[in-house]
Amino acid sequence: MTFDPTTSAPIDLDAIRYRLTEATPGPWGVGNGTHIVRGLEVTGRGSFTCIQSVAEIDDEDDRLDWGHADEVEVDPEADARFIAGARTLVPALCAEVDRHRAALDAEQTRTSRLEDALAATEQQAASMRIALDKADAEAEGR
């Protein structure tokens, strides 16, 4: 699914969730700039440990070598689809969050204006009750 962040096309969340369930479990990290790994822990400058290698860029031919099954089965095609899809899906999700934040901001502004109008109306009603009570008292006194 391609996405143009300038449109209001809906995001296919089921497709995103499917890609998430098919890819190697996360969280993923990048170690030494060439390793995509699961369970990254940086142990020092230029060194790290991880639970599992997802992929590694081969220094000799700049080719991506996929990880091997350690604790979790690695599906290179699913991981590749996940990585490739992220380039389109992350901007789409960001645009969706931006739309929701803008709508929330607009509703908060509207709510604030309505609260101000309600307070003014309540104050006006209280003034009218006072004036009405005064008029009633004057009418009874005559």
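Read-outs: derived from the displayed coordinates by stated rules, not from any lab. Computed from a predicted structure; not experimentally measured. Reconstructed Cβ throughout: ideal geometry from the backbone, glycine too, with neighbour counts over all protein chains shown.
Local charge for Leu104 was computed over the other residues whose Cβ lies under 12 Å away, with Lys and Arg +1 and Asp and Glu -1, and equals 0.
Among residues other than Asp12 whose Cβ falls under 13 Å from its Cβ, what is the net charge (Lys/Arg +1, Asp/Glu -1)? Computed value for this residue: 0.
Peptides 120-132, 78-90 ranked from most to least packed give 78-90, 120-132, packing being the mean of other C-beta atoms within 10 angstrom over each peptide's residues.
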